[in-house]
Amino acid sequence: MAKCKKTKFEFMKRVIFIATIILFSVNHIDCQEKRDNFKKIETGNWLELSFRTLNEKGEEMPFTCLEEMPSYPGGYDALARFLKDTLNYPITAIKDSVQGRVLTKFSIDKNGKVCNVETLTGVRNDLDSACIKAICLMPNWTRPKFRNFDDNMLIQLILPIKFLLNRTDF
């Protein structure tokens, strides 16, 4: 009888372990697919920005001639400072010792306005909301310029934001 219970327990442990691996793999593949068509931007600092071009219907335009990328006022160093100054680590997350990386997505429209802000992969609602709030507070960027294309194009950006606690925060 004891051997039967032990065997069932071992079987359940294996099933849970395999299910966890499958769940992690599917989530990793899904996240990777969301970033596959994005081109990396060299920012020269800790920011990890990627972009792609969309038409007014939200469809990807892989062969767009982009003459000038939209840029944050003051450049990527100013964007890094803005995020550092604007982004607040939620007190609830600090109390619960929650850390992690929130993958955000937003677009820059034809006028340089930030729009379509969302979280692709989040950590927890309070951290995700802090990222969305900070991105929504961004000033207008310089407008993108396209060659031989309609002005109604969007530049969609992915911005990972890491929340890390210092030892003094515990």
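The values are calculated or read from the model by the stated rules, or taken from the named source; none is laboratory data. Given the structure is predicted, the values throughout are model-derived calculations rather than measurements. We place every Cβ from the backbone using ideal geometry, glycine too, and count neighbours over all the protein chains shown.
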When you go through Thr92, Thr142, Thr119, Thr86 one by one, which is the residue that is polar (S, T, N, Q), in contact with a strand residue (DSSP E or B) (Cβ under 9 Å, 6 or more places away or on another chain) and either without any contact (Cβ under 8 Å) to a residue 40 or more places away in the chain or within 14 Å of Leu159 (Cβ to Cβ) (or both)?
-> Thr119
Mind checking whether some residue in the range 94-105 is assigned by TED's automatic domain parsing to the domain that holds Glu48, among the small types (Gly, Ala, Ser) and farther than 19 Å from Pro70 by Cα?
-> yes
Regarding Gly112, is this residue surrounded by fewer than 17 Cβ atoms within 10 Å (Cβ to Cβ), of a type outside the set (Ser, Thr, Tyr) and in the same structural domain as Ile158 (by TED's automatic domain parsing)?
-> no
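Table: residues versus (1) in contact with a Lys or Arg (Cβ under 8 Å, 6 or more places away or on another chain); (2) within 17 Å of Arg52 (Cβ to Cβ).
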position: Ser97; (1), (2): no, no
position: Ser107; (1), (2): no, yes
position: Val114; (1), (2): no, yes
position: Val117; (1), (2): yes, yes
position: Val123; (1), (2): yes, no
position: Asp128; (1), (2): no, no
position: Lys133; (1), (2): no, no
position: Pro139; (1), (2): no, no
position: Phe146; (1), (2): no, yes
Among the residues of the range 136-155, is there at least one that is at negative phi, modelled with pLDDT under 90 and among the β-branched types (Val, Ile, Thr)?
-> yes
